[in-house]
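Trainee: So that we are looking at the same thing, I have put the structure below in structure tokens.
The values are calculated or read from the model by the stated rules, or taken from the named source; none is laboratory data. Everything numeric in this text was worked out from a predicted model, so none of it was measured. Neighbour counts are summed over all protein chains in view; Cβ atoms, including those assigned to glycine, are modelled from backbone coordinates with ideal geometry.
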Amino acid sequence: MSIWLALWILISLALLGFLAWSLYVLHQQKTVWKKFAAENKLRYKKNETMQSPEMEGTIGKYKISFFTSEHQTPDARAYRKLTAIEVPLENIMPSEFGVASGGMIPVLKTLNFRTEVQPKSELWSKANMAVGENSHALKAYLTEERIAILTKMMRIKNTWVILICRKDRMLLRLDTANPLSSTAHLDKISKIMLQAAKILEVSGQEMNILKAEASREVVTKNTIVIEESKAKDDDVALAFELEEDENEIELSTEELEDIEETTVEPVEAVTPKKPNSSEKPQNKTKK
């Protein structure tokens, strides 16, 4: 047996072993997901033999979806498949924002939010990202309880998290490299997601506070614009005053020079009249 034949056999066995393991994990995933869907009355979709299953429905008051997501690798040469769980939230927030970790940060950057904040909580990691259109509203929203549940999810091994709030939608999503092929793990992740959804939602009273914080930055911006406009107007007025003063000085200087250069020719046999107090002497000026 040649060395090349032995090498070919080893590579073939490795590929067959990988394929067998993948099929086993996929079979376990479909079995567990089908059972979980039946227990929680979710819609289950088996998909093709070599594809992961899907399921969606409602648990409690929250809609929840399980499916396979694809993420492009950093070198943009391939795609990485992960298990994704999404829970839409019911709130419509007064200001748009996003919070993300891991591979979800590039997704958040594409939205081009105006400002980034760093929560002062000890639980928060600088590796995560919190961005939004209004820094005051975002800081007010990220309470210690919300930061705690978000960081709890972000610390799960091989997991990426994103909380995104747009004008008409608020969504919590978790992507994990784990296929969730065990009942215990699937149940645990689902409970964490639903617990997080409850904490991340906003009550009516808190919504009023967030609206006030969102309008606070708008008022501040308008005040700055008004003050800048007023300052510009004052500068223009001052410039006009200076120009007027300079013109007055120039005219006064010319008049003085003209007065110095002006001579009066005497007239014989004529007695000069005394000027009346009501009459003002007139000087000739050269133009």
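Trainee: Would you say residue 56 is of a type in the set (Asp, Glu) and part of a loop (DSSP other than H, G, I, E, B)? Walk me through it before giving the result.
Mentor: Working: of a type in the set (Asp, Glu): yes; part of a loop (DSSP other than H, G, I, E, B): no.
It is false that residue 56 is of a type in the set (Asp, Glu) and part of a loop (DSSP other than H, G, I, E, B).
Trainee: Please go through (1) more than 19 Å from residue 192 (Cα to Cα); (2) not in a strand (DSSP E or B) for residue 71 and return the number of the only condition it doesn't satisfy.
Mentor: Of everything listed in (1) more than 19 Å from residue 192 (Cα to Cα); (2) not in a strand (DSSP E or B), residue 71 misses just condition (2).
Trainee: In the set 56, 39, which member is within 24 Å of residue 187 (Cβ to Cβ), surrounded by 13 or more Cβ atoms within 10 Å (Cβ to Cβ) and either touching a helix residue (DSSP H, G or I) at 6+ places or on another chain (Cβ under 8 Å) or modelled with pLDDT of 90 or more (or both)? Explain how you work it out, then say what you get.
Mentor: Numbers: 39 fails: surrounded by 13 or more Cβ atoms within 10 Å (Cβ to Cβ).
When all the criteria are applied, what remains is 56.
Trainee: Is it the case, given these coordinates, that residue 85 is under 28 Å from residue 57 (Cβ atoms), at pLDDT 95 or above and not polar (S, T, N, Q)?
Mentor: Details: under 28 Å from residue 57 (Cβ atoms): yes; at pLDDT 95 or above: yes; not polar (S, T, N, Q): yes.
Taking the combined requirement at face value, the residue satisfies it.
Trainee: Do you know which residues across the stretch 140-164 are without any contact (Cβ under 8 Å) to a residue 40 or more places away in the chain and farther than 20 Å from residue 87 by Cβ? Spell out the reasoning first.
Mentor: Of all residues in the stretch 140-164, those without any contact (Cβ under 8 Å) to a residue 40 or more places away in the chain come to 143-144, 147-148, 151, 155-158.
Once the filter is applied, which keeps residues that are without any contact (Cβ under 8 Å) to a residue 40 or more places away in the chain and farther than 20 Å from residue 87 by Cβ, the stretch 140-164 yields 144, 157.
Trainee: Still on this structure: Taking the residues in the stretch 191-202 that are surrounded by fewer than 19 Cβ atoms within 10 Å (Cβ to Cβ) and out of contact with any Asp or Glu (no Cβ under 9 Å at 6 or more places or on another chain) as candidates, determine which candidate is farthest from residue 153 (Cα to Cα). Working first, answer last.
Mentor: The initial filter retains those residues of the stretch 191-202 that are surrounded by fewer than 19 Cβ atoms within 10 Å (Cβ to Cβ), namely 191-192, 194-195, 198-199, 201.
Subsequent filtering for residues that are out of contact with any Asp or Glu (no Cβ under 9 Å at 6 or more places or on another chain) retains 191-192, 194-195, 198.
Details: 191: 11, 192: 8, 194: 12, 195: 11, 198: 14 Å.
Checked the stretch 191-202; the qualifying residue farthest from residue 153 (Cα to Cα) is 198.
Trainee: I'd like the full set of residues that are within 20 Å of residue 198 (Cβ to Cβ) and over 35 Å from the mean Cα position of the chain (by Cα), limited to the stretch 37-64.
Mentor: So in the stretch 37-64, the residues within 20 Å of residue 198 (Cβ to Cβ) come out as 40-42, 56-64.
If the condition is that a residue be within 20 Å of residue 198 (Cβ to Cβ) and over 35 Å from the mean Cα position of the chain (by Cα), then 40, 41 are the ones that fit.
Trainee: Could you please give the count of residues in the stretch 112-137 that are under 12 Å from the mean Cα position of the chain (by Cα) and part of a loop (DSSP other than H, G, I, E, B)?
Mentor: Going through the stretch 112-137 one residue at a time, the tally reaches 6.
Trainee: Taking residue 29, is it out of contact with any Phe, Trp or Tyr (no Cβ under 6 Å at 6 or more places or on another chain) and in contact (Cβ under 8 Å) with a residue 40 or more places away in the chain?
Mentor: Values: out of contact with any Phe, Trp or Tyr (no Cβ under 6 Å at 6 or more places or on another chain): yes; in contact (Cβ under 8 Å) with a residue 40 or more places away in the chain: yes.
Answer is yes for this residue.
Trainee: Scan the stretch 71-93 and tell me whether some residue there is over 27 Å from residue 181 (Cβ atoms), under 22 Å from the mean Cα position of the chain (by Cα) and of a type in the set (Val, Ile, Thr).
Mentor: The answer is yes; a qualifying residue exists.
Trainee: Filter the stretch 142-155 down to the residues that are touching a strand residue (DSSP E or B) at 6+ places or on another chain (Cβ under 7 Å) and either part of a loop (DSSP other than H, G, I, E, B) or under 17 Å from residue 214 (Cα atoms) (or both) and list them by number.
Mentor: Initial filter on the stretch 142-155 (touching a strand residue (DSSP E or B) at 6+ places or on another chain (Cβ under 7 Å)): 142, 150, 153-154.
Residue satisfying the conditions is 142 alone.
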